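Read the structure below first, then the notes.
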Amino acid sequence: MRLLPSGSAALLVEVDGLDDVLALYAALAGAPPEGVVDVVPAARTVLLVTDPARTTLDAVAAAVRRTTPVAGAERSGDAVELPVHYDGADLADAAELLGLTPGQLVERHTSAAWTVAFCGFAPGFGYLVQPGGGWDVPRRATPRTKVPPGSVALAGEFSGVYPRESPGGWQLIGRTDVAVFDLARDPAALLRPGTRVRFVAAS
Amino acid sequence: MSLTVLAPGPLTTVQDEGRPGQAALGIGRSGAADRASARLANRLVGNPLDAAVLEVTLGGLAVRAEADLLVVTTGARCPGSPHDAPTLLRAGAELRLGAPAAGLRTYLAVRGGIAVPPVLGSRATDVLAGLGPAVVAAGDVLPVGAPAAPLPGVDLAAVPDPAVGDLTAAVLPGPRADWFGPAGWSALTGQRWTVTSESNRVGLRLDGVPLERLRAGELPSEGMVRGALQVPPSGTPVLFLADHPVTGGYPVIGYVTDADVDRCAQLRPGQGLRLRAG
């Protein structure tokens, strides 16, 4: 665990990988140190944003060093089920990049639960990982200017669901009718770090 | 009680203290770009510091009071405005802000606060995420809330106007300063950066001699906060402001200190920014 400077109001904690991020995030989000207003997990880091009027970076650093990561936190709780129509524009391309048939890609995508490692890019956009999934999909060479909301996509080791229409460079493999971000719902964001997701093929 | 918008000027948004605590869901904080000025405006009319105000970009806002309202402006001083001095705007009276001679953003606070419906706990408009109230438009009728606290009894706040020429801001090392080495840090702190016209509430895009990376490769996305100086492949940094993305994939070489970010939010295109190691 390495503590990196991030100005006068934040501290960036770097760890070795996604599992460590989830474990550290689970511990810090469950009991944030005094004066910390945001805990932001990402691919290899957890950012702690403080209110400088309420704490010091030294105090937050000491609290982080005392924190015991909660390993396996991501395996608790019920999985969110997302029915997917696997008819995305890039399904065939993505399957070929992985050396699979489209059917095999769908089978692998639906075979085991995914976990939201972190969020970003847009409100409610989760970066999902599938332990042992073996995903490694390059982004499209030319990003689309408009990706429809509900698009289910792949990039790198991640899968994700576009919460709304936006530009995007991920490979589109399908679409879901479930709104992953809906301001009329509480909570608006269906996917949060640690949430387990099971994709199922919609009939 | 309400305020009718006759003209919004180039860009007027509703802002407050934003949406802390939701960044892990991909929801950025947003809020007033110059927080110190917005808080001062609220203090002067006896509002809680998190009351919603109008953030007016380069003046031009015209409003009509539909009831007797106590109003004040802070930040960039516009001709015709009750600047740093709370003033009663009688029912039916109009307030028209001219263009400021210095600074970019003017905050108009109304006693009782702008009471549009909150979205995810805040009335801030996040222009990057598309969250919060719509950008203020002519014909909008903005509700005003009930006063929450006694008046402070301050007639005039003595605060300096935003800088006209170059601004110097303190900068601290960021998490990826080592990607640029000592020479990169010297280049960051040793030159005059120019604010470009591509700047907005998301960030100030700076122009100057590009910073050179010592190492190639991609950075996995990581969280960042207001004040980050992120260096895209072009080598010219972006100073992130209120509506910055929650995470980013380019290295952050440094951070403008929290207090100085507010002053940077008053910089106009063409103005100079010098970053002094803090």
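The values are calculated or read from the model by the stated rules, or taken from the named source; none is laboratory data. Bear in mind the structure is a predicted one, so any value in this text is a computation, not a measurement. So basically every Cβ, Gly included, is an ideal-geometry build from the backbone, and we count neighbours across all protein chains shown. Ligands, DNA and RNA are stripped out before the accessible areas are found, and what is left, the full protein with its side chains, is counted by its heavy atoms. Shrake-Rupley method; radii C 1.70, N 1.55, O 1.52, S 1.80 Å.
List of remarks:
- Failed criterion for B:Asp260 (all others in (1) touching a strand residue (DSSP E or B) at 6+ places or on another chain (Cβ under 9 Å); (2) within 14 Å of another protein chain (Cβ to nearest Cβ); (3) under 30 Å from A:Pro193 (Cβ atoms) hold): (3)
- Residue in region A:100-107 that is within 14 Å of chain B (Cβ to nearest Cβ) and either touching a residue at least 24 places away in the same chain (Cβ under 8 Å) or acidic (Asp, Glu) (or both) present: no
- Subset of region B:216-241 [farther than 24 Å from A:Tyr127 by Cβ and away from every other protein chain (no Cβ under 12 Å)]: B:Ser234, B:Gly235, B:Thr236, B:Pro237, B:Leu241
- Residue within region B:46-56 that is in a loop (DSSP other than H, G, I, E, B), more than 14 Å from every other protein chain (Cβ to nearest Cβ) and closer than 30 Å to A:Gly120 by Cβ present: yes
- Every pair of residues 6+ apart whose Cβ atoms lie under 6 Å, when the first sits in region A:20-43 and is over 17 Å from B:Val246 (Cβ atoms) while the second is open to solvent by 30 Å² or more (accessible area, probe 1.4 Å) and in a helix (DSSP H, G or I): A:Ala26/A:Ala73
- Test for B:Arg274: is it more than 16 Å from B:Gly31 (Cα to Cα) and modelled with pLDDT under 95: no
- Strands (runs of 3 or more DSSP E) fully within region B:82-173 counting 3 or more residues that are crowded, with 17+ Cβ neighbours inside 10 Å and away from every other protein chain (no Cβ under 14 Å): B:105-110
- The criterion of at least 1 residues that are modelled with pLDDT of 95 or more is met by the following strands (runs of 3 or more DSSP E) wholly inside region A:113-170: A:114-119, A:126-129, A:144-147, A:151-155, A:158-161.
- When A:Ala92, A:Ala59, A:Ala10, A:Ala63 are screened for being open to solvent by less than 10 Å² (accessible area, probe 1.4 Å) and either within 15 Å of B:Glu222 (Cα to Cα) or at pLDDT 95 or above (or both), only A:Ala10 passes.
- Inspection of region A:19-35 finds a residue satisfying the criterion of being among the aliphatic types (A, V, I, L, M) and over 24 Å from B:Gly28 (Cβ atoms).
- Check on B:Asp178, within 14 Å of chain A (Cβ to nearest Cβ), under 30 Å from A:Ala155 (Cβ atoms) and not in a helix (DSSP H, G or I): no
- Residue satisfying condition, being more than 14 Å from chain B (Cβ to nearest Cβ) and touching a residue at least 12 places away in the same chain (Cβ under 8 Å), within set A:Val152, A:Val161, A:Val129: A:Val152
- Residue, least open to solvent (accessible area, probe 1.4 Å), within region B:19-71, restricted to residues that are of a type in the set (D, E, K, R), closer than 17 Å to B:Pro86 by Cα and touching a residue at least 40 places away in the same chain (Cβ under 8 Å): B:Glu55
- Considering residues of region B:181-190 that are of a type outside the set (A, V, I, L, M), open to solvent by 30 Å² or more (accessible area, probe 1.4 Å) and out of contact with any strand residue (DSSP E or B) (no Cβ under 6 Å at 6 or more places or on another chain) only, the residue nearest to the other protein chains (Cβ to nearest Cβ): B:Trp185
- Residues considered: A:Gly174, A:Gly72, A:Gly169, A:Gly156. Of these, the only one that is farther than 20 Å from B:Leu128 by Cα, surrounded by fewer than 19 Cβ atoms within 10 Å (Cβ to Cβ) and over 14 Å from the mean Cα position of the chain (by Cα) is A:Gly72.
- Of the candidates A:Pro149, A:Pro138, A:Pro131, A:Pro123, the single residue that is closer than 24 Å to A:Arg44 by Cα and surrounded by 15 or more Cβ atoms within 10 Å (Cβ to Cβ) is A:Pro123.
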